[in-house]
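Taking it in order: structure first as structure tokens, then the write-up.
The values are calculated or read from the model by the stated rules, or taken from the named source; none is laboratory data. Every value quoted in this text rests on a predicted model; they were computed, and no experiment measured them. When we count neighbours, we look across all protein chains shown, and the Cβ atoms used for this are built from the backbone with ideal geometry, even at glycine. For accessibility, only protein heavy atoms count, side chains too; no ligands or nucleic acids. Shrake-Rupley method; radii C 1.70, N 1.55, O 1.52, S 1.80 Å.
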Amino acid sequence: MKIRRNCWLLALVIAAGLPFPAWAQCNGLLMPAAAPPGPTPRSGFASVYDDARARGLIFGGSASGVRSNQTWTWNGANWTLAASGGPSARTYPTASSDPIRGRVVLFGGLDTVFRSDTWEWDGAAWTLRTGGGPSARAFATSAFDPSRETVVLFGGFSGLLHGDTWEWNGVAWSLRATGGPSPRYLSAMASDPARGQLLLFGGIDAGNPRLGDTWAWNGTSWTQLCSSGPPPRYGHTLATDSARARVVLFGGVEGDSVSSGQAWEWTGAEWKLSATSLPAARNSHGAFFDPAAGETVIFGGRLGSSDLGDTWRYRGPAPPRIVHSPSGQVAPEGGSTSFTVAAEGVGPLQFRWRRNGVPIYDDSRILGCASPELQINGLVLDDVAAYDCIVTNACGTARSDPAAVRVAVIRGDTNCDGEADNFDIDSFVLRVLNPAAYAIAFPNCH
């Protein structure tokens with residue numbers, strides 16, 4: 001087991017009490033997503049994004065104390081009851097998408113006993129699979145490992161704590177590790193696109209009612225990344241935001257058995273607090289990332305003694321996006337030229353032009369260094385360089401593609417035949433009136 005000691009915490013705290021944030025700051029946006037009809041309020045169900053059918057999916061759980069075996073799917077706007085059958089009615093199973101084989105894989109859970117069965121969903125029905133595997137348990141966590149094209153399952157509880165790591169290859173389970181994170185349950189795991197590994201956070205173990213450690217699985221072994229970040233918790237969710245290469249953590253039970261309404265993001269190096277208490281705080285809920293909509297969908301869960309049935313959409317903070325980069329320019333010595341850049345994103349946007357990677361500032365000749373348009377007057381040979389623009393907001397930065405300035409120095413031998421004579425008149429006129437055409441007609445003249 002390896003431990004990385006340096007893991008720094010950054011926090012971006014948003015204003016509370018605004019269900020529809022309208023201010024121009026960089027924060028995660030949590031918004032109500034759907035009204036009934038849909039799943040009844042429930043908690044302790046499996047949730048996953050079914051990549052093969054581009055649908056969110058939840059299965060099972062407890063609705064007002066009654067176990068469910070319903071399968072519901074989310075199409076980006078509405079919930080649909082897809083099946084009422086297959087696995088027995090149960091709570092706290094775990095599920096993961098297997099996009100390579102076009103299936104959703106579900107394991108275990110608790111009905112009247114702890115279960116050790118493996119099921120696959122093909123978009124129409126559940127099929128019971130054989131192949132041995134982990135012992136009976138509930139409260140485990142699983143995720144698809146895209147680097148190794150397997151479903152990975154970790155931990156769980158069956159009266160005993162489990163700390164084993166298993167892989168499902170579409171045919172059979174194989175035990176991969178028995179060490180790493182302490183045996184635990186009600187933790188959460190997701191693919192970490194920034195590292196090409198799986199990320200695991202939190203849970204409950206024998207000595208800690210709430211854990212706050214972060215681990216990575218590389219297909220062979222576990223590495224502890226850090227023990228700082230979100231407050232220790234259990235019953236939370238992790239979802240992989242593939243559009244922004246982030247892992248989104250939401251909810252869970254923190255200290256004194258208080259449910260959380262926070263959203264945190266793992267950047268691949270650190271945790272960042274992104275949103276606080278916009279939907280009702282909750283635990284034992286479901287979450288999955290919808291790549292078609294570019295948002296994480298959060299459903300249901302439990303707050304105190306009440307099950308929840310609301311659906312929320314989370315859109316994480318995003319840096320600016322360059323819409324149009326500047327174009328290269330050719331202008332005569334002593335003349336003028338300009339560059340423009342276009343960007344979009346949460347404002348305010350700040351601009352800074354650079355020459356050969358070094359920031360530049362306004363002076364008597366150069367104007368607009370902190371604006372979308374850069375103007376250079378009285379061109380000299382020292383202005384020949386690559387110019388780009390850095391655009392910044394509270395979420396991050398974006399860099400435009402570089403564009404070059406070429407200064408056309410007009411001399412007597414403008415056709416570059418080695419003599420200054422009357423044959424240089426036409427090339428001289430072309431160089432003054434159309435430097436770009438001159439550069440094409442006389443590529444060897446500098």
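Observations, loosely collected:
- Counted by Cβ distance under 11 Å from L200, the other residues give a net charge of -1, where Lys and Arg count +1 and Asp and Glu count -1.
- Within-9-Å neighbourhood charge of R210 [Cβ basis; K, R +1; D, E -1]: 0
- For region 349-446, fraction of C-alpha pairs farther apart than 23 Å, in %: 42 percent
- Principal axes of region 240-304: Cα extent on each, largest first, Å: 34, 25, 17
- Rounded if a/c under 1.5, otherwise prolate or oblate - region 29-112, Cα gyration tensor axes: oblate
- Dipole magnitude of region 98-178 about its Cα centre (Cβ charges: Lys, Arg +1; Asp, Glu -1), debye to nearest 20: 80 debye
- This model, with +1 at the C-beta of Lys and Arg and -1 at the C-beta of Asp and Glu, gives region 63-117 a dipole about its Cα centre of some 20 debye.
- Geometric extent, Cα atoms of the chain - Rg, Dmax (angstrom): 28.8, 101
- Once the 1.4 Å probe is applied to the protein heavy atoms, region 248-343 comes out at 33 Å² accessible per residue.
- Charge context of R354, other residues only, Cβ under 10 angstrom, K/R +1, D/E -1: +2
- Only Lys, Arg (+1) and Asp, Glu (-1) charged, at Cβ; region 220-379 dipole about Cα centre in debye: 140 debye
- Taking the charge dipole of the chain about its Cα centre, with +1 at Lys and Arg Cβ atoms and -1 at Asp and Glu Cβ atoms, the residue from I440, A172, C395 reaching farthest to the positive side is A172.
- Solvent-accessible area of S43 with every protein chain in place, 1.4 Å probe, in Å² to the nearest 10: 10 Å²
- Three-way shape call for region 123-182 based on the alpha-carbon gyration tensor, with the a/c threshold at 1.5: oblate
- Taking every DSSP bridge with both residues inside the chain, close to 95 percent are antiparallel.
- Comparing region 151-229 with the 2.2 N^0.38 Å rule of thumb, its C-alpha radius of gyration ratio is 1.06 (two decimals).
- With the charge dipole of region 308-390 set up from +1 on Lys and Arg Cβ and -1 on Asp and Glu Cβ about the Cα centre, the Cα lying farthest toward the positive end among the listed residues I366, Q329, L349 is that of L349.
- For region 325-421, the set of chymotrypsin sites (Phe, Trp or Tyr not before Pro) satisfying both a DSSP loop assignment and a count of at most 12 other C-beta atoms within 10 Å is given as Y361.
- Applying the Kirkwood pairwise sum to the alpha-carbon positions of region 79-202 produces a hydrodynamic radius of 14.6 angstrom.
- Annotation: the antiparallel percentage among DSSP beta bridges lying fully within region 305-410 is about 85.
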